[in-house]
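For reference, the structure discussed in these notes is given below.
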Amino acid sequence: MNTENYEGMTAGKIREFEKRKEALMLMGGDEMIRKQHELGKLTARERLDLLFDNGSFQEVQLFTKHRSTLFGLDKKEIPADGVITGFGEVNGRVVFAAAQDFTCSGGSLGEMQAKKIWKVMDMAIAAGKPFVSLNDSGGARIQEGVPALEGYGGIFYRNTLASGYIPQITATMGPTAGGAVYSPALTDWIFMVKKSSYMCITGPDVIKAVIGEEVTTEALGGAVVHSTKSGVCHFATNDDQDCINKIRTLLSYLPDSCHSPLPLLPTSDTPDRECLELDEIIPDKPSKGYDMKKVILEIADNAEMMEPHAGWARNIIVAFIRIMGRPVGVIANNPSFGAGVLDVNASDKAARFIRFCDAFNIPLLTLADVPGYLPGTRQEWAGIITHGAKMLHAYSEATVPKLTVVIRKDYGGAYIGMCSKQLGADYVMAWPSAEIAVMGADGACNIVYRKEIQTAPDPAAKRKELASAYETQFNNPYFAAGLGIVDEIILPRETRKRVAFLLETFKEKKETRVTKKHNNIPL
Ligand code: HXC
């Protein structure tokens with residue numbers, strides 16, 4: 001239709017609207033988009049196209065403009081103020097999102113960009129739907145000054161209000177420096193893209209000036225570092241596409257909010273499938289490791305799991321699986337790394353995961369094979385007492401269904417820490433290979449029978465004899481089962497079947513606690 005003759009009338013107004021919209025769709029323009037692509041990065045719009053189901057994204061506040069006049073900003077247009085915000089469907093379910101666009105003034109966050117982000121966060125909270133933030137920004141818009149900092153403050157505040165109410169996911173897909181790192185840190189899950197993203201409180205230049213240390217951005221705060229050394233990043237991904245695919249997968253395990261039902265994924269994997277391989281997975285030699293991930297995959301529907309923190313604190317595994325199509329959070333010691341010992345990082349990793357699952361009504365399955373807490377000055381000085389307590393606190397406060405399977409070793413304080421009956425496990429099972437004791441036989445005999453061993457004609461033979469008696473007493477599940485501390489001894493192959501039936505049984509579990517403002521978890 002020729003609208004030229006209708007300027008000023010409705011058709012002309014529609015044309016003007018379309019023109020204005022079209023211009024904003026280009027964001028920073030072709031040259032900036034080319035630069036972004038050259039860095040191996042996608043634009044905000046391309047990322048949102050990948051995140052949302054085809055054509056479902058609805059943009060919010062496209063026409064927002066900054067109103068700063070300082071340091072040349074009065075002459076600078078920043079399309080959409082450098083961020084695309086809106087909502088749409090991911091796997092057929094509504095999700096809200098904000099995606100910063102580096103092609104527009106480096107995605108820098110000023111007053112109006114922040115207000116756009118606040119708006120979709122407020123909408124996500126009001127609607128009770130997940131919020132995803134795709135970050136790619138030079139940080140606070142320097143020219144704007146304190147309103148930019150206020151902008152971050154409002155985001156942190158909303159991240160905190162939303163915490164435990166709706167799932168919050170951040171993908172760092174470019175730079176994130178200074179205080180800007182704290183919005184990701186306040187959300188539930190952080191994804192990073194290898195090589196193209198970094199997160200740090202202060203960059204290499206400041207570090208060199210203040211403490212004389214030389215480091216590259218990648219070595220300081222790249223995806224690999226944060227997913228292996230610091231634990232800041234839960235998922236290190238290969239590129240933008242991989243990152244967004246993984247966000248979609250994670251969302252498929254999560255409910256919309258703490259008041260929503262868990263998502264169900266129909267499966268043809270039967271709940272009573274026997275896991276024959278598990279009967280042979282435990283090595284005869286007690287000090288030998290095995291692959292705990294195989295145990296988890298055998299139990300899970302279709303051998304599928306999604307593992308956060310796969311490269312950090314590897315002595316413990318946390319993972320989402322499904323059983324009978326319903327999400328389950330698994331916490332399992334990993335005997336292949338440090339014998340599955342509990343240390344500062346493992347405790348933090350597990351405690352945070354347990355609290356996330358509990359907040360969103362995802363039942364917990366604990367698989368225990370733990371020799372104890374890691375001894376030594378490094379751990380004591382790093383605060384293993386406080387960090388270990390987080391796990392005890394997290395398990396004890398969790399009111400979701402809690403099932404525990406003792407696979408092999410379950411010693412000392414770590415036995416309690418791996419969701420023992422007294423931390424509120426609804427049902428504790430043990431494989432015949434389970435060993436539940438205060439400590440290993442040698443250590444126990446050295447303390448309890450020190451004099452007898454020292455004064456024996458052959459101390460080594462005496463220690464062996466006493467250790468063997470100790471092992472006969474405790475290195476099995478029967479003593480604990482005899483006291484009702486283990487509810488059932490099961491064959492390894494029956495694990496999926498038993499877990500599936502118990503999850504179905506406890507599906508409607510409701511537990512009421514004493515009324516208070518909130519717990520005070522040891523931080
Ligand atoms: C305003 C910014 C900006 C910022 C980038 N730009 N960061 N504008 N405020 N913070 C603009 C640039 O001026 C440029 O604009 C465009 O974005 C692209 O930036 P380049 O520097 O050309 O890109 P590149 O070479 O890829 O370098 C990216 C960068 C660098 C490493 C992120 O831009 C940079 O160091 N930016 C500043 C980072 C920083 O110190 N931010 C403040 C952190 S403190 P034109 O117009 O030329 O396209 C902070 C506090 C938050 O964020 C506190 C919360 C509590």
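The table below lists the values:
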{"quantity": "Table column - 3J(HN,Hα) (Hz), the stretch 194-205, Karplus curve with 6.51, -1.76, 1.60, x for Gly and Pro", "calculated": "4, 6, 9, 10, 8, 9, 7, 6, 9, x, x, 5"}
{"quantity": "Set of aspartates and glutamates near K246 by C-alpha distance (under 13 Å), chain-local residues within fewer than 8 positions excluded", "calculated": "E307"}
{"quantity": "Carbon and sulfur %, accessible surface of the chain computed with the full protein complex present, 1.4 Å", "calculated": "56"}
{"quantity": "Burial ranking of peptide ranges 100-109, 134-143 (average Cβ count within 10 Å, highest at the top)", "calculated": "100-109, 134-143"}
{"quantity": "Packing rank of 218-230, 14-26, where each peptide gets the mean count of other beta carbons within 10 Å, highest leading", "calculated": "218-230, 14-26"}
{"quantity": "23 Å Cα-Cα reach of K76 towards lysines, excluding residues that sit fewer than 8 places from it in its own chain", "calculated": "K19, K21, K35, K65, K115, K116"}
{"quantity": "Ranking by accessible area, most exposed first, for T202, T187 with a 1.4 Å probe", "calculated": "T202, T187"}
{"quantity": "Net charge dipole size for the chain [Lys, Arg +1 and Asp, Glu -1 on Cβ; Debye, nearest 20]", "calculated": "940"}
{"quantity": "V438 long-range amide H proximity, modeled H, under 5 Å", "calculated": "G412"}
{"quantity": "Highest-first arrangement of 67-78, 46-57, where packing means the average Cβ count within 10 Å", "calculated": "46-57, 67-78"}
{"quantity": "Reach of K509 by Cα under 18 Å, taken over lysines that are not fewer than 8 positions away in the same chain", "calculated": "K402, K421"}
{"quantity": "Under the Karplus curve 6.51 cos²θ - 1.76 cosθ + 1.60, θ = phi - 60°, whole-Hz ³J(HN,Hα) for the stretch 401-410, x wherever Gly or Pro sits", "calculated": "x, 10, 10, 10, 10, 8, 8, 8, 5, 8"}
{"quantity": "Förster radius 56 Å - calculated FRET efficiency between M9 and T386, Cβ distance, rounded to 0.05", "calculated": "0.20"}
{"quantity": "Shape call, the chain: gyration tensor on alpha carbons, a/c limit 1.5", "calculated": "prolate"}
{"quantity": "Shape call, the stretch 21-251: gyration tensor on alpha carbons, a/c limit 1.5", "calculated": "rounded"}
{"quantity": "Residue-normalised accessible area of the stretch 322-441, expressed per residue, 1.4 Å probe, Å²", "calculated": "30"}
{"quantity": "Degrees between helix 240-253 axis and first principal axis of the chain (Cα, 0 to 90, nearest 10)", "calculated": "60"}
{"quantity": "Spacing of the two label points (7 Å from each Cα toward its C-beta) at E218 and T472, in nm", "calculated": "6.1"}
{"quantity": "The stretch 379-394 residues near the modelled I447 label - backbone nitrogen below 19 Å, point 7 Å along Cα→Cβ", "calculated": "379-380, 384-386, 388-389"}
{"quantity": "Long-range HN-HN contacts of T237 with modeled amide H, under 5 Å", "calculated": "M192, V193, K194"}
{"quantity": "The chain - share of DSSP beta bridges that are antiparallel (%, nearest 5)", "calculated": "35"}
{"quantity": "Centroid-to-centroid separation of the stretch 51-95 and the stretch 351-391 [C-alpha atoms, Å]", "calculated": "40"}
{"quantity": "The chain - mean residue ellipticity at 222 nm from DSSP helices (-39,500 (n - 2.57) per run, n ≥ 4, rounded to 500)", "calculated": "-11000 deg cm²/dmol"}
{"quantity": "Stretch gain in nm, segment V60-R20, where the contour uses 0.36 nm per residue and the Cα spacing is subtracted", "calculated": "12.9 nm"}
{"quantity": "Phi to ³J(HN,Hα) by Karplus 6.51 cos²θ - 1.76 cosθ + 1.60 over the stretch 388-396, Hz, x for Gly, Pro", "calculated": "x, 5, 4, 5, 4, 5, 4, 5, 5"}
{"quantity": "Rounded if a/c under 1.5, otherwise prolate or oblate - the stretch 416-523, Cα gyration tensor axes", "calculated": "oblate"}
{"quantity": "0 to 90° range, to nearest 10: angle between helix 146-162 axis and the chain longest Cα axis", "calculated": "40"}
{"quantity": "Residues with amide H under 5 Å from that of G372, placed H, sequence gap 5 or more", "calculated": "L342, Y411"}
{"quantity": "Potential extension, R248-E465 segment - 0.36 nm per residue separation minus Cα distance", "calculated": "72.4 nm"}
{"quantity": "Accessible area (Å², 1.4 Å probe, nearest 10) - F235", "calculated": "10"}
{"quantity": "Residue-normalised accessible area of the stretch 21-251, expressed per residue, 1.4 Å probe, Å²", "calculated": "43"}
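The values are calculated or read from the model by the stated rules, or taken from the named source; none is laboratory data. Everything quoted here is computed from the prediction, not taken from an experiment. Note that we place each Cβ from the backbone using ideal geometry, even for glycine, and neighbour counts take in every protein chain shown. Accessible surface is based on the protein model in full, side chains and every heavy atom, while ligands, DNA and RNA are left aside. Shrake-Rupley method; radii C 1.70, N 1.55, O 1.52, S 1.80 Å.
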